[in-house]
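Structure, as structure tokens:
The values are calculated or read from the model by the stated rules, or taken from the named source; none is laboratory data. Nothing here was measured: the structure is a model prediction, and the numbers come from that model. Here the Cβ positions follow ideal geometry from the backbone for every residue, glycine too, while neighbour counts run over all protein chains shown.
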Amino acid sequence: MSPDTLPAAVRARRRTPLKTLGPGTWILILSVAVAALVVTFMTIDLKGNLGYVLPLRANKVAAMLLVAYAVGISTVLFQTVTGNRILTPSIMGFDALYILLQTFLAFTIGTQALMTMGAGTRFILEVVLMVGFSWLLYRWLFVGGGKSLHLVLLVGIVFGTLFRGISSLLQRLIDPSEFVVLQDLFFASFNNVDSSLLGVSALTILAASIAGWRIRNRFDVLALGRETAVNLGVNHRTTVTQVLVICSVLVAVSTALVGPITFFGLLVASVAYQLCSVFRHRYVLPIAVLLGAIALLGGQLTLERIFGFDTALSIVIEFIGGIVFIALLLKGSVK
Amino acid sequence: MITELSPTDTQPTTPRRRVLLLPALAVLAVVVLSITSLFIGVSDVSISTLLSDSSDGTAGRILLISRIPRTLAILLTGIALGVAGLLMQLMARNKFVEPSTVGTVESAMLGILVVTILVPAAPLLAKMGVAAVFGVAGTALFLLILQRVPLRNTLVVPLVGIMLGGIVGAVTTFFAYRFDLLQSLNSWMVGDFSGVLAGRYEFLWLVGALAVVGYIAADRFTVAGMGKDFTTNLGLNYRGVMALGLVLVSLISAVVVVTVGAVPFLGLVVPNLVSMLIGDNVRRSVPWVALLGAGLVLVCDILGRLIRYPYEIPVGTVLSVVGAATFLYLLLRSRRNVA
């Protein structure tokens with residue numbers, strides 16, 4: 001095992017000023033911040049028909065929290081499994097794949113059938129396909145060995161481009177009226193989140209979380225790398241599959257809710273590693289989720305109240321995330 | 001190894017005949033495709049309608065106003081983008097870069113957007129100029145960042161470029177959103193020849209001319225790609241050559257984006273295919289790049305027009321699928337070769 005594939009746990013020991021606070025303290029501080037943001041979001045500038053405004057805002061907040069949770073957990077777990085700190089499900093083209101699958105289904109059976117099929121069935125079908133893809137990807141990553149992370153990254157990004165290309169090609173082939181329905185399915189931004197979709201998403205996330213909770217003790221072991229994990233008695237293959245399934249489910253939820261945000265996960269996970277003095281999932285995971293919630297709530301609040309316009313949040317995240325990504329490359333933290 | 005010193009003697013006659021045969025076939029293919037392209041469309045334009053006396057000359061006018069300009073625009077775009085990609089690859093000494101993977105195209109779009117917001121009434125030429133300046137700046141920024149990447153391996157270069165393009169693209173979308181210009185932005189993002197008419201594409205002749213300049217100067221870019229010291233030792237002005245290359249690539253991208261929109265991956269796929277076919281002699285490969293570029297855009301445009309006839313699928317969409325798939329193939333293949 002070469003030094004650069006050493007688990008994040010070893011490298012994370014380098015202390016930065018941020019790490020002088022314990023992870024528990026950080027979780028506390030961040031939780032308070034999230035709570036404050038939620039309260040602000042719900043109450044700021046409150047006027048008009050409360051019976052209308054409040055549920056609308058609550059929907060938005062719920063969507064943001066769900067997305068923060070899904071993206072935070074899926075990114076950290078994906079990075080643990082793949083043993084790196086720069087690949088994320090989004091960068092590897094998972095969101096684009098989700099949209100491609102939706103488009104493909106709409107193309108083959110029509111949006112009408114897609115809608116009547118029921119969210120549950122559709123969701124299961126999509127998740128199964130996505131897990132299949134992630135499994136193939138994973139096999140390719142690890143079988144044969146010696147693959148450079150850069151190659152994996154580039155292939156992931158190009159896969160994303162390819163998926164988006166095929167999606168837009170199929171979308172052009174679909175009837176224009178069907179296309180409108182489809183577009184609504186994809187880009188439900190925070191402003192018009194369907195409340196029924198919220199319910200399904202929350203349930204799905206709950207199911208994924210329970211599955212994750214049952215194998216939580218194996219996460220830290222997985223972070224030590226494949227060989228060590230196997231030596232310590234973890235059935236690597238099975239556990240990794242389970243984690244990838246969970247990741248796929250979470251990515252599907254967040255993409256269904258707000259559409260693709262490529263760099264959000266990278267951003268949140270990178271900061272979480274910086275804050276956490278000990279790399280243990282019981283700390284890193286909640287910190288990542290809380291940071292995600294702060295970024296979404298705070299960002300949306302700033303955009304809505306200060307700049308007076310909506311939905312551009314994903315663009316801002318894309319901008320900052322892209323810079324972080326290049327910075328990580330320049331720092332040479334990817335080798 | 002004496003034979004290597006006199007390659008002309010050792011070359012058997014058959015390959016040399018093939019050297020003549022292949023270009024002839026390629027030219028023929030492009031000509032056939034161009035003629036096909038002229039006769040595809042909703043309104044009835046065929047040899048018989050053109051010749052028959054009964055028609056009132058509508059077919060002829062359509063041919064002159066719409067079909068011929070469109071086909072010419074396709075040819076010029078294909079030639080120029082292929083050459084621009086080749087130049088970019090020589091300058092960055094990397095096979096995986098081209099104007100749309102290093103941020104040149106995105107920067108040019110940002111430029112157009114800035115002009116559109118600040119001076120909405122600016123003439124097309126001014127828009128192109130500003131777009132080109134932004135393109136130069138974006139590409140220069142890319143080369144600058146590249147110098148700072150600690151390990152400059154083959155794969156980091158396109159990665160940095162794609163990310164830079166993403167960042168610039170995010171800025172562009174941000175302002176487009178603010179100023180309600182997302183729709184016009186979309187028309188630049190996806191290359192589409194359906195709007196090409198006589199009077200609206202003529203600037204593309206400029207990129208054709210730039211491609212010729214690129215051909216004449218091609219050798220210099222090879223040398224410049226070897227590095228500053230090497231270039232200076234050979235008596236070439238390194239900065240001058242790099243500047244010329246930057247301006248050529250950026251101008252080509254800017255003009256194409258303004259007139260037809262972004263045509264992704266073309267500059268990446270075509271030079272790589274040519275290099276696989278005939279090797280890396282730049283002088284020899286430029287004509288091939290031009291031919292293959294023109295041919296590929298023609299094929300993709302014809303496909304886009306036929307798949308969902310009578311509707312059209314933009315060539316940019318078709319090429320993003322074809323191009324991304326080829327890019328993946330090249331990536332995975334290169335790994336096997338290196339390993």
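Some points to look at:
- Pairs, first part of a helix (DSSP H, G or I) and of a type in the set (G, A, S) in segment B:217-231, second modelled with pLDDT under 85 and loosely packed, with under 14 Cβ neighbours inside 10 Å, C-beta under 7 Å, six or more apart: B:A218/B:R283
- Candidates in segment A:176-219 are the residues that are among the hydrophobic types (A, V, I, L, M, F, W, C) and closer than 30 Å to B:Y311 by Cβ; of these, the one that is modelled with the lowest pLDDT is A:A188.
- Here B:P150 meets each of (1) within 14 Å of chain A (Cβ to nearest Cβ); (2) touching a Phe, Trp or Tyr at 6+ places or on another chain (Cβ under 8 Å) with one exception, condition (2).
- Within segment B:65-74, the set of residues being of a type outside the set (S, T, N, Q), surrounded by fewer than 24 Cβ atoms within 10 Å (Cβ to Cβ) and farther than 12 Å from B:I35 by Cα comprises B:I65, B:P69.
- Residue within segment B:177-188 that is under 24 Å from A:S167 (Cα atoms), more than 11 Å from every other protein chain (Cβ to nearest Cβ), buried (at least 23 other Cβ atoms within 10 Å of the Cβ) and touching a Gly at 6+ places or on another chain (Cβ under 8 Å) present: yes
For every residue, the table says whether it meets (1) more than 23 Å from A:H150 (Cβ to Cβ); (2) assigned to a helix (DSSP H, G or I).
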position: A:V234; (1), (2): yes, no
position: A:S248; (1), (2): yes, yes
position: A:P260; (1), (2): no, no
position: A:Y283; (1), (2): yes, yes
position: A:A288; (1), (2): yes, yes
position: A:L297; (1), (2): yes, yes
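- When segment A:140-175 is filtered for residues that are on the phi < 0 side of the Ramachandran plot, at pLDDT below 75 and more than 9 Å from chain B (Cβ to nearest Cβ), the ones remaining, listed by number, are A:L141, A:F142, A:V143, A:D175.
- The condition (being crowded, with 17+ Cβ neighbours inside 10 Å, touching a residue at least 40 places away in the same chain (Cβ under 8 Å) and among the hydrophobic types (A, V, I, L, M, F, W, C)) is satisfied by just one residue among B:L246, B:L306: B:L246.
- Selected residue [surrounded by 18 or more Cβ atoms within 10 Å (Cβ to Cβ), aliphatic (A, V, I, L, M), assigned to a helix (DSSP H, G or I) and within 14 Å of chain A (Cβ to nearest Cβ)] from B:V157, B:V115, B:V102, B:V97: B:V157
- Unmet requirement for B:F221, which otherwise passes all of (1) at positive phi; (2) touching a Leu at 6+ places or on another chain (Cβ under 6 Å): (1)
- The residues on offer are A:L114, A:L97, A:L129, A:L87, and the sole one that is in contact with a helix residue (DSSP H, G or I) (Cβ under 7 Å, 6 or more places away or on another chain), among the hydrophobic types (A, V, I, L, M, F, W, C) and modelled with pLDDT under 75 is A:L114.
- Residue within segment B:314-328 that is in a helix (DSSP H, G or I), closer than 19 Å to B:F96 by Cβ, within 10 Å of chain A (Cβ to nearest Cβ) and over 18 Å from the mean Cα position of the chain (by Cα) present: yes
- When segment B:226-267 is filtered for residues that are in contact with a Lys or Arg (Cβ under 9 Å, 6 or more places away or on another chain), of a type in the set (G, A, S) and within 16 Å of B:G208 (Cα to Cα), the ones remaining, listed by number, are B:G245, B:A254.
- Residue in segment B:180-193 that is of a type in the set (G, A, S) and not in a helix (DSSP H, G or I) present: yes
- Checked against (1) part of a helix (DSSP H, G or I); (2) crowded, with 22+ Cβ neighbours inside 10 Å, B:P264 passes all but condition (1).
- Single residue of B:G267, B:G295, B:G304 found to be within 13 Å of another protein chain (Cβ to nearest Cβ) and not hydrophobic (A, V, I, L, M, F, W, C): B:G304
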